[in-house]
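Working notes for the structure below.
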Amino acid sequence: MTVHVVRYDGTLERGSLPREMDSDLSMRTLSTPSPALICPPNLPGFQNGRGSSTSSSSITGETVAMVHSPPPTRLTHPLIRLASRPQKEQASIERLPDHAMVQVFSFLPTNQLCRCARVCRRWYNLAWDPRLWRTIRLTGETINVDRALKVLTRRLCQDTPNVCLMLETLSVSGCRRLTDRGLYTIAQCCPELRRLEVSGCYNISNEAVFDVVSLCPNLEHLDVSGCSKVTCISLTREASIKLSPLHGKQISIRYLDMTDCFVLEDEGLHTIAAHCTQLTHLYLRRCVRLTDEGLRYLMIYCASIKELSVSDCRFVSDFGLREIAKLESRLRYLSIAHCGRVTDVGIRYVAKYCGKLRYLNARGCEGITDHGLEYLAKNCAKLKSLDIGKCPLVSDTGLECLALNCFNLKRLSLKSCESITGQGLQIVAANCFDLQMLNVQDCEVSVEALRFVKRHCKRCVIEHTNPAFF
């Protein structure tokens with residue numbers, strides 16, 4: 001067998017392999033790595049048959065010896081047969097037309113797309129097709145996101161200097177090294193940005209959010225959950241300055257997630273509501289400093305809200321629900337989980353005015369009783385999902401009223417409802433045939449009742465803690 005080995009001076013040395021190395025698939029010789037012959041050892045795809053006829057090296061600086069096959073009539077050695085396979089694979093993918101390659105690249109994440117751009121000139125041109133860069137998604141806690149965004153935007157701005165018109169979605173959730181500098185780069189270069197997700201990037205501040213909303217007028221979706229430094233969203237750098245009619249501008253955000261922004265207060269929510277009047281989806285989970293006053297500000301400016309979550313906002317009470325009820329039939333989703341100050345009075349307000357409510361999460365609201373549940377069932381007959389877990393005052397009486405009015409119910413959670421028995425569950429199963437999920441964990445429910453539910457609701461998944469039912 002004949003081999004060619006690359007030396008340090010770039011010359012080729014021809015020779016024959018010893019007999020003991022002829023059958024060894026790990027032939028190596030120390031020399032300067034050549035891009036034409038080797039691939040970096042951290043690319044597993046190279047080891048699995050793309051461009052290598054022998055095993056790759058795990059030692060930096062090693063070069064794999066390339067075995068040149070004899071004429072086709074002598075292809076008897078197993079190593080030589082392996083060397084012919086990658087050529088066929090490479091030829092097959094090269095036959096794909098450009099539009100097919102672009103379609104394949106469209107399924108790759110951002111980091112893999114950048115690696116493909118380094119394969120060859122054709123792949124470089126295809127990988128930077130503008131249609132592939134409407135979305136950038138970066139993940140990883142250790143990645144230098146600021147530098148990555150700077151490099152990407154610089155490349156994407158080559159055809160249109162200083163402006164990247166194709167980028168519409170940026171997702172860097174969980175990239176903890178992201179700072180205001182990285183978002184400022186995006187705000188300056190990407191005026192067509194419509195969706196921004198920076199969940200868990202706790203170094204982001206109000207200054208960066210101001211840059212984005214002021215320079216990206218088409219922004220509709222903003223997720224800053226877990227960004228504890230964000231206390232307001234406005235078109236003014238000073239959070240205390242309210243929007244005046246002289247500005248004549250509004251932020252076009254419709255979806256806003258501020259979960260775990262625990263520094264947010266009523267005054268900050270007032271500023272957000274005054275600037276983001278087009279909000280339809282607002283999530284304020286675990287914003288523990290908010291009170292009923294903040295909800296009053298919200299209802300003054302944002303009358304189009306369809307989904308609202310104030311879960312774990314412990315200062316929200318029945319007065320806050322009275323303000324929420326002003327949304328009337330527009331409200332479809334409401335979460336007030338673990339709002340301990342909510343009672344039947346607040347539920348009555350919501351049920352009376354929000355007749356098209358589809359989802360209600362009232363888990364942990366221990367002040368809710370059968371009376372509140374009865375009023376809810378009679379006024380919100382189209383309810384599809386209800387969570388009243390850990391409401392110890394709800395009993396079979398309330399469940400009976402619910403079953404006789406809400407026939408479209410699909411999801412019901414009664415976890416840790418101590419007063420619920422099998423009789424109430426049987427009434428629900430006999431009337432709500434479309435039930436798909438039932439949670440009765442930590443409830444005193446018999447096996448017979450669970451079997452009754454399973455017989456009447458064929459597609460229902462039952463979450464329980466009864467070891468005798470399976």
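The values are calculated or read from the model by the stated rules, or taken from the named source; none is laboratory data. Keep in mind it's a predicted model, so treat the numbers as computed, not measured. Neighbour counts are summed over all protein chains in view; Cβ atoms, including those assigned to glycine, are modelled from backbone coordinates with ideal geometry. SASA here: full protein model, heavy atoms, side chains in, ligands and nucleic acids out. Shrake-Rupley method; radii C 1.70, N 1.55, O 1.52, S 1.80 Å.
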ask   = Quick check: is even one residue across the stretch 160-182 small (Gly, Ala, Ser), under 22 Å from Gly226 (Cβ atoms), surrounded by fewer than 16 Cβ atoms within 10 Å (Cβ to Cβ) and touching a residue at least 24 places away in the same chain (Cβ under 8 Å)?
value = no
message = Residue under question is Thr135, and the condition is that it be under 19 Å from the mean Cα position of the chain (by Cα), over 21 Å from Phe210 (Cβ atoms) and surrounded by fewer than 18 Cβ atoms within 10 Å (Cβ to Cβ); does it hold?
response = yes
message = Can you say whether Ala337 is part of a loop (DSSP other than H, G, I, E, B) and at pLDDT below 95, as far as the supplied structure shows?
response = no
task = Taking Thr259 as the residue in question, decide whether it is under 24 Å from the mean Cα position of the chain (by Cα), closer than 16 Å to Val288 by Cβ and at pLDDT 95 or above.
result = yes
inquiry  = Looking only at the stretch 304-323, count every residue that is open to solvent by less than 10 Å² (accessible area, probe 1.4 Å) and either closer than 19 Å to Lys378 by Cα or at pLDDT below 95 (or both) and tell me the total.
reply    = 1
inquiry  = Looking only at residues that are within 23 Å of the chain's Cα centre (by Cα) and open to solvent by 20 Å² or more (accessible area, probe 1.4 Å) in the stretch 284-303, which one is farthest from Ile251 (Cα to Cα)?
reply    = Arg286
inquiry  = Exactly one condition in (1) open to solvent by less than 50 Å² (accessible area, probe 1.4 Å); (2) touching a strand residue (DSSP E or B) at 6+ places or on another chain (Cβ under 7 Å); (3) of a type outside the set (A, V, I, L, M); (4) farther than 30 Å from Thr291 by Cβ is false for Gln436; which is it?
reply    = (1)
ask   = Out of the stretch 183-198, which residues are open to solvent by 30 Å² or more (accessible area, probe 1.4 Å) and either under 13 Å from the mean Cα position of the chain (by Cα) or modelled with pLDDT under 90 (or both)?
value = Arg195
